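The numbers here are math on the coordinates, done by the rules we state, and not lab data. Everything quoted here is computed from the prediction, not taken from an experiment. All Cβ positions, glycine included, derive from the backbone under ideal geometry; neighbour counts span all protein chains shown.
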Amino acid sequence: MDRGSRLKKKRRRRLFSNIVTVLLFILAFTLIKDKLFPFIKNAFSNDSSDYVLADSDMPGKNDEYNKGENNGSAEGNNSGHVNADGDNIKTGNEKDKELEKEMAEKKEMLKNTVYINDEGSKVVTNPNDILVLVNKERSLASDYKPDDLVIPNVKFSFEGEDQKKYLRKEVATALEVLFEEAEKEDVILYAVSGYRSYGRQQMLFNYRSERSGIEETNKLTAKPGQSEHQTGLAMDVSSKSVNLSLEEAFGETIEGIWLKNNAHRFGFIIRYLKEKTDITGYSYEPWHIRYVGKEVAKEIYENNITFEEYLGFEYDAE
Ligand code: DAL
Ligand code: ZN
């Protein structure tokens, strides 16, 4: 081999070895860059505002990021993370626990929101709360009337203007969606009776007591102040298959079954269940739906419980 050829061969070998070195370097950098990056960043800058911004804007993403990087907090440990700035970052589990705690406190509050009036009745102090609990032990003040009553755009079982067409705004909107979705499945529902004032409930209770006696009336009709209809959160619903009446047979109709299985998707519950009359204090009313919002309605539906059970409410024993 002449000198020229030897030189060429040597150059080729050097080039090859340089390429291999560069490739190895790239490979090594790729493997350690995640570990190296925060170190480089902190070494060249005292300004950690990027972290702050990212942490507050994308907590979920940075939870993951900080798992491996925080000061001593092991991956999989749910006791909290501290990021480069010392802020606490909450994990999904922690957030769930916090929400659970908030809900437990809210439930406690919802059970205790009463004062004793001059007649010795427990009157609720949160009548405007979507989750207000009104029952045989927790009344509304006689002058309470929601201030956002509107008529939902749905089919009614009767013609003309009447206070019983009204519901609170949020509830009216939810009922419209429920009726629309039902109709898409050929389930035609009719609204029968919504808001009732204290005075109207009183007339109804007196009228039924005179006809059927107080004991029978107590099973199906709330005393004035104790009706959910006064909250504007409840609507009685029926169908032509039971001549638009409010009777137990509605629960066996296609419409009644649809309502039982779907009301929660729109934020409503069947308030007085068949097998829970000892808890609610009322007979089975498959027609009476009460708005509580989608989240609570879903939980109540899935657990087949009453609103009282959901809140952990128990009637006084005396
Ligand atoms: N039917 C229910 C219990 C009411 O009168 O409010
Ligand atoms: Zn009702």
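Using a simple spin-label model with pseudo-atoms 7 Å out from Cα toward Cβ, residue 274 and residue 162 lie 2.8 nm apart.
Using mean Cβ contacts within 10 Å as the protection proxy, how do 251-259, 225-233 order, highest first?
Ranked from most to least packed, the peptides come out as 225-233, 251-259.
Given the pairs 106/223; 184/219; 164/219; 169/298; 97/169; 164/223, which span a C-alpha to C-alpha distance of over 23 angstrom in this model? Intermediate values should be presented prior to the final figure.
Numbers: 106/223 27 Å; 184/219 35 Å; 164/219 21 Å; 169/298 21 Å; 97/169 32 Å; 164/223 17 Å.
Beyond 23 Å between Cα atoms: 106/223; 184/219; 97/169.
Consider a paramagnetic label point 7 Å from the Cα of residue 128 along Cα→Cβ; state which residues of segment 172-203 have an amide N under 20 Å from it. 172-174, 195-198, by backbone N distance to the label point.
Apply 1/(1 + (r/R0)^6) to the Cβ-Cβ distance of residue 150 and residue 90, taking R0 = 35 Å, and write down the FRET efficiency to the nearest 0.05. After rounding, the FRET efficiency stands at 0.35.
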